[in-house]
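**Student:** Dumping the structure here so I can ask a few things about it.
The values are calculated or read from the model by the stated rules, or taken from the named source; none is laboratory data. Since this is a predicted model, take the numbers as computed values, not measurements. Reconstructed Cβ throughout: ideal geometry from the backbone, glycine too, with neighbour counts over all protein chains shown. Keep in mind that these areas ignore ligands, DNA and RNA; they rest on the heavy atoms of the full protein, side chains included. Shrake-Rupley method; radii C 1.70, N 1.55, O 1.52, S 1.80 Å.
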2 protein chains.
Amino acid sequence: MSKIIFDSGISLDGYFAGDNRGPQNPMGGVSGQIHQWMFKQKAFWKHLKMDGGQEQGEDGKLIDAVFARTGAYIMGKRMFEEGEVSWPEDLYQADVFVLTHEKREPWIQKGTTAFYFINDGIHSALEKAKKSANGKDIRIQGGANTIQQFLNAGLIDEFFIHVAPVFLGSGIRLFDGIDKDKFDLQIMEVLTSDLTTHLRYKLSKK
Amino acid sequence: MSKIIFDSGISLDGYFAGDNRGPQNPMGGVSGQIHQWMFKQKAFWKHLKMDGGQEQGEDGKLIDAVFARTGAYIMGKRMFEEGEVSWPEDLYQADVFVLTHEKREPWIQKGTTAFYFINDGIHSALEKAKKSANGKDIRIQGGANTIQQFLNAGLIDEFFIHVAPVFLGSGIRLFDGIDKDKFDLQIMEVLTSDLTTHLRYKLSKK
């Protein structure tokens, strides 16, 4: 059965993105600080179908693993708009359901990536993603607000965070306004490297 | 040479304390959730000179270690007021410098704990703590605002955080308004258990 997951990098002070996000300034310009560990991994660039990265170890395996288990993605409109202008073709290699008020025809890319624009809320997106995922997991890609919506609706089964050893001081926090009464959390896995600390949690409904 | 450290429990969403803190509601009532790992350790109760705890392992050793290395404490007025009414006598077994506007004579307890009330700011408190610590480390005990003042003044050498697998949803965050340009951080140690994840960082001035 499909699990609903997210897998996000954050700063030590909890920020998922910086200030003044937008298509000209994806993630508020902090991706280099939060995702440095990722950019060093050959696995990351392989999924972008580009050459890059120096490392091929445990951190890279995590990237491969989340990619392999994911059968469909859900993301918010702002994240989509930030990425639309810059993502390489066929980045997700799966269906991506974008939460938006905009009516728009599906954007079918070369390869196996297709973006569908969902106007009737997270439950509708989830239903469509489940059908598309065909037993694989559904990854709530972001932004933070979209992840918070799924958390507060009690819909997340498991998540991975990657805590970079950096302070950002301001921006958009991943865990903001979380409903404390929805879940019990269990620490499942902790892995560390110089560049980040990987923490995996399982959630069970209270 | 004395290092300046802090060692704090926080929730997964980054809270050091809950809402509505006060002497009748220390830490906003969330200590049981954030510090559960600590309350299970025999080492914790030993330092309180009380019987308690079930576990005697790696987590307990961390409590012993920070206690052993600390030669003096600095804390904010609100944390002091919360503790004053409930802490057992001689809890700190060292000098504690309390940042406050209140003029007050030192409170010398039985044993080796003494509270000194400092009216002229963090640098003055630090100078006095250094003299008192006699080469051991100076622990900025809390609350969050006091720790933030020391961080933003560029005065912290190292810290330990203990991240409990719990969401609190609101309260006072440990890392709020941190000056991102003061430090580079380095991951020094990551230890995990069922109840918390211990993360140690070293800071170097930018």
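**Student:** Name the residue that is most open to solvent (accessible area, probe 1.4 Å), counting only residues in segment A:170-184 that are in a strand (DSSP E or B) and within 8 Å of another protein chain (Cβ to nearest Cβ).
**Tutor:** A:R173
**Student:** B:I156: open to solvent by less than 20 Å² (accessible area, probe 1.4 Å) and touching a residue at least 40 places away in the same chain (Cβ under 8 Å), yes or no? First the steps, then the outcome.
**Tutor:** Numbers: open to solvent by less than 20 Å² (accessible area, probe 1.4 Å): yes; touching a residue at least 40 places away in the same chain (Cβ under 8 Å): yes.
Yes.
**Student:** Please enumerate the residues belonging to segment A:157-169 that are assigned to a loop (DSSP other than H, G, I, E, B) and within 9 Å of chain B (Cβ to nearest Cβ).
**Tutor:** Step one: list which residues in segment A:157-169 are assigned to a loop (DSSP other than H, G, I, E, B), which gives A:157, A:165-169.
Listed by number, the residues that qualify are A:P165, A:V166, A:F167, A:L168, A:G169.
**Student:** Now for a different question. Looking at segment A:89-97, can you tell me whether even one residue there is part of a loop (DSSP other than H, G, I, E, B), under 15 Å from the mean Cα position of the chain (by Cα) and of a type in the set (S, T, Y)?
**Tutor:** In the first step, residues of segment A:89-97 are kept if they are part of a loop (DSSP other than H, G, I, E, B); the result is A:89-94.
Of the ones still in play, those that are also under 15 Å from the mean Cα position of the chain (by Cα) are A:91-94.
Checking which are of a type in the set (S, T, Y) leaves us with A:92.
Looking for residues that are part of a loop (DSSP other than H, G, I, E, B), under 15 Å from the mean Cα position of the chain (by Cα) and of a type in the set (S, T, Y), one finds at least one in segment A:89-97, hence yes.
**Student:** Continuing with this model, one more query. Open to solvent by less than 40 Å² (accessible area, probe 1.4 Å), among the polar types (S, T, N, Q) and more than 14 Å from chain B (Cβ to nearest Cβ), is that true of A:Q109? Give the derivation first.
**Tutor:** On the way: open to solvent by less than 40 Å² (accessible area, probe 1.4 Å): yes; among the polar types (S, T, N, Q): yes; more than 14 Å from chain B (Cβ to nearest Cβ): yes.
When the stated conditions are applied, A:Q109 passes them.
**Student:** Among (1) open to solvent by less than 30 Å² (accessible area, probe 1.4 Å); (2) of a type outside the set (F, W, Y); (3) under 15 Å from the mean Cα position of the chain (by Cα); (4) modelled with pLDDT under 95, there is one condition B:G9 misses while meeting the rest; what is its number?
**Tutor:** Tallying (1) open to solvent by less than 30 Å² (accessible area, probe 1.4 Å); (2) of a type outside the set (F, W, Y); (3) under 15 Å from the mean Cα position of the chain (by Cα); (4) modelled with pLDDT under 95, B:G9 fails exactly one: (4).
**Student:** Follow-up question, since we're still on this one. List every residue pair whose Cβ atoms sit under 6 Å apart, with the two residues 6 or more apart in sequence or on different chains, where the first one lies in segment B:178-200 and is of a type in the set (V, I, T) and the second, anywhere, is part of a loop (DSSP other than H, G, I, E, B).
**Tutor:** B:I178/A:D13; B:I178/A:F167; B:I178/A:G169; B:I187/A:P165
**Student:** Only one residue in A:I147, A:I138, A:I161, A:I156 is under 21 Å from A:G60 (Cβ atoms) and under 14 Å from the mean Cα position of the chain (by Cα), so which one is that?
**Tutor:** Testing whether each residue is under 21 Å from A:G60 (Cβ atoms) and under 14 Å from the mean Cα position of the chain (by Cα) leaves just A:I161.
**Student:** Can we say A:K3 is over 16 Å from the mean Cα position of the chain (by Cα) and modelled with pLDDT of 95 or more? If you could, list the steps in order and put the result at the bottom.
**Tutor:** On the way: over 16 Å from the mean Cα position of the chain (by Cα): no; modelled with pLDDT of 95 or more: yes.
No: the conditions fail for A:K3.
**Student:** Among the residues of segment A:112-153, which ones are open to solvent by 20 Å² or more (accessible area, probe 1.4 Å) and not in a helix (DSSP H, G or I)? Spell out how you get there, then give the answer.
**Tutor:** We begin by selecting, within segment A:112-153, every residue open to solvent by 20 Å² or more (accessible area, probe 1.4 Å); these are A:112, A:116-117, A:119-123, A:127-128, A:130-132, A:134-136, A:139, A:141, A:145, A:148-149, A:152-153.
Scanning segment A:112-153 gives A:T112, A:Y116, A:F117, A:N119, A:D120, A:G121, A:N134, A:G135, A:K136, A:R139, A:Q141, A:A153.
**Student:** Could I ask something else about it? Restricting attention to segment B:25-75, and to residues there that are under 22 Å from A:I187 (Cβ atoms) and among the aromatic types (F, W, Y), which single residue is surrounded by the fewest Cβ atoms within 10 Å (Cβ to Cβ)?
**Tutor:** Here the answer is B:F39.
**Student:** I need the full set of residues from segment B:185-206 which are open to solvent by 50 Å² or more (accessible area, probe 1.4 Å), in contact with a Phe, Trp or Tyr (Cβ under 9 Å, 6 or more places away or on another chain) and facing chain A (nearest Cβ under 7 Å), in order please.
**Tutor:** B:Q186, B:D194
**Student:** Does segment A:60-80 include one or more residues that are at positive phi and not in a helix (DSSP H, G or I)? Talk me through it step by step, then tell me what you get.
**Tutor:** First, pick out the residues of segment A:60-80 that are at positive phi: none.
No; the residues of segment A:60-80 include none that is at positive phi and not in a helix (DSSP H, G or I).
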